[in-house]
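**Q** Supplied in structure tokens, the structure appears directly below.
Any read-out appearing in this document is the output of simple, stated calculations on the displayed coordinates, not a laboratory observation. In this text, all values refer to a predicted model and were calculated from it rather than measured experimentally. Cβ: placed from backbone, ideal geometry, glycine included. Neighbour counts: every protein chain shown.
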Amino acid sequence: TDALESIKHSYNILYKHFKDRLIPAMEKEQNIVSKWPTISTNNKRQSIQYYQQALEIAKKIYGKNHYLVSRYHYLLGQACEMNGKEKQAVIQYQKALTAANIVLNTIKNPESRKKYQRNIDILKKKLED
């Protein structure tokens, strides 16, 4: 679809210009998906549906081992946790961690690796609790 192609094109431009610094660059990015938890406070169940859709779009564009896929697994896990679906939350956190570890091995910039490692540490802590 046009929306998928537009998103893919945007991230390809980001990658072309930032390469190993892409993750810090994307941390500054503001997009509607990152706002869904606050938008859907009154309808928590809907947040699960939104994150599932975002996750499916990211997988179609990037495959299952990409920074955004890991992020959306994490956000979907948070939405599940908010809705009292602890088992589904754990599954999403595990998938996020698996993808994040693969992504970490592709990051060459030491500063980016360090920042991304913090994300992995957060995921590990979530799974320990």
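**Q** Please tell me which of these pairs span more than 27 angstrom C-alpha to C-alpha: Lys44/Lys114; Lys44/Lys124; Lys64/Lys115; Lys60/Lys125?
**A** Lys44/Lys114; Lys60/Lys125, as the Cα separations exceed 27 Å there.
**Q** Go from 0 up to the bin containing the longest alpha carbon distance in segment 59-121, width 5 Å each, and give me the % of pairs per bin.
**A** 4, 21, 26, 22, 16, 8, 3, 1
**Q** Which of the peptides 93-99, 112-118, 74-80, 44-50 is most tightly packed, and how do the rest follow, judged by the mean count of other Cβ atoms within 10 Å per residue?
**A** Put in order of decreasing packing, that is 74-80, 93-99, 44-50, 112-118.
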